[in-house]
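S.K.: One structure coming up, written as structure tokens, with questions to follow.
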Amino acid sequence: MLDNFWFNVQYGINHVLDLDGYDHVLFLMVLAVPYLFKDWKRVLLLVSVFTLGHTLSLVLASYGIVSVNGSLVEFLIPVTILITAIYNVFTAGKKERNSKISLLFFSTLFFGLIHGLGFAREFKMFAGQSQNRLELLIEFALGIEIAQIIIVFVVLFIGFLCQTIFRFSRRDWVMVLSSIVIGLVIPMIIHSELLN
């Protein structure tokens with residue numbers, strides 16, 4: 001029982017940290033880059049909103065309630081990363097991020113929903129005919145949350161080093177990392193099946 005629990009949690013962790021699917025990591029980078037360690041509650045809330053969206057769409061897809069064209073989903077994933085990175089570029093150094101509900105929360109939830117749909121087919125194969133599909137989903141979501149917290153911590157730590165040791169301004173750090181991500185996702189969009 002405990003072995004199954006850890007296996008499912010590890011599966012969620014590996015899903016996020018899979019280098020072949022680095023889109024997940026790119027989104028978490030642009031999600032976390034505008035923040036400092038002191039903003040950890042807000043970042044944790046954003047990460048949890050993503051996990052909620054991801055899990056919700058996995059539930060809907062794995063029970064056959066929702067079905068979306070895979071090519072469309074694979075196109076929308078990098079588009080959502082691009083929107084978030086561009087949002088960072090245009091809001092770098094501005095105070096608006098402290099508002100209670102922002103575009104970032106909605107794009108985070110949307111990305112979670114889309115990414116969950118993108119993973120639904122693989123999850124169905126993983127779950128098979130399991131009677132405990134909901135339990136499996138919860139354990140998988142826990143693994144996703146753990147991996148995301150690790151990535152966000154690394155991004156915040158590197159940001160801390162760049163801003164304290166290398167004297168990057170917070171605005172420059174956000175601009176540089178967001179611009180790198182923009183450069184990485186544009187080819188993903190161009191080469192998506194939907195556009196070819």
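What follows draws every value from the coordinates through simple rules; no lab data is involved. The structure presented is a predicted model; accordingly, all values stated were derived computationally and were not measured.
S.K.: Which one, GLY64, GLY159, GLY112, has the greatest fluctuation when you compute a Gaussian network model over the chain with C-alpha springs under 10 angstrom?
M.R.: Checking each option, the largest mean-square fluctuation is seen for GLY64.
S.K.: Sorted from largest down, give the three principal axis spans of the alpha carbons of the chain, whole angstrom values.
M.R.: For the chain, the Cα spread along each principal axis is 54, 43, 31 Å.
S.K.: Please work out how much length the chain gains when fully extended from ASN69 to ARG42, using 0.36 nm per residue of separation minus the C-alpha to C-alpha distance, in nm with one decimal. Provide the component values of the computation, followed by the final result.
M.R.: On the way: separation 27, 0.36 × 27 = 9.72 nm, distance 3.28 nm.
Between ASN69 and ARG42, full extension yields 6.4 nm more.
S.K.: Nearest 500 deg cm²/dmol is fine: what mean residue ellipticity at 222 nm does the chain get from its DSSP H runs of n ≥ 4 alone, each adding -39,500 (n - 2.57), divided by its residue count? Please list the in-between numbers first.
M.R.: Working: 7 runs with 149 residues, N = 196.
When only DSSP H runs of four or more count, the value is -26500 deg cm²/dmol.
S.K.: Using 0.36 nm times the number of residues separating ILE186 and LEU161, minus their current alpha carbon distance, what extension gain do you get? If you can, show how the numbers build up before the last one.
M.R.: Numbers: separation 25, 0.36 × 25 = 9.00 nm, distance 2.79 nm.
Working it through step by step, the gained length comes to 6.2 nm.
S.K.: Between THR108, THR80, THR164, find the one with the highest GNM mean-square fluctuation for the chain; connect C-alpha pairs within less than 10 Å.
M.R.: It is THR164.
S.K.: A further question follows. Give me the extension gain from PHE90 to SER179: residue separation times 0.36 nm, minus the current Cα-Cα distance, reported in nm with one decimal.
M.R.: On the way: separation 89, 0.36 × 89 = 32.04 nm, distance 1.10 nm.
Length gained between PHE90 and SER179: 30.9 nm.
S.K.: Counting only pairs 8 or more residues apart or on different chains, how many lysine pairs in region 2-195 have their Cα atoms under 22 Å apart? Mind dumping the intermediate values first?
M.R.: Details: LYS38/LYS94; LYS38/LYS95; LYS38/LYS100; LYS41/LYS94; LYS41/LYS95; LYS41/LYS100.
Value for region 2-195: 6.
S.K.: For the Cα atoms of the chain, what angle does the longest principal axis make with the long axis of helix 133-164, in degrees from 0 to 90, nearest 10?
M.R.: 10 degrees
S.K.: Residue by residue through region 105-117, what is 3J(HN,Hα) from phi via Karplus (6.51 cos²θ - 1.76 cosθ + 1.60, θ = phi - 60°)? Round to whole Hz and write x for glycine and proline.
M.R.: 5, 5, 5, 5, 4, 4, 4, x, 4, 5, 5, x, 5
S.K.: Continuing with the same structure: Return the sequence-ordered ³J(HN,Hα) values of region 8-14 in whole Hz as given by the Karplus equation 6.51 cos²θ - 1.76 cosθ + 1.60 applied to θ = phi - 60°, using x for Gly and Pro.
M.R.: 5, 5, 4, 4, x, 4, 5
S.K.: Still on this model: So which residue, out of SER169, SER107, SER48, gets the largest mean-square fluctuation from a GNM of the chain using Cα contacts under 10 Å as springs?
M.R.: SER169
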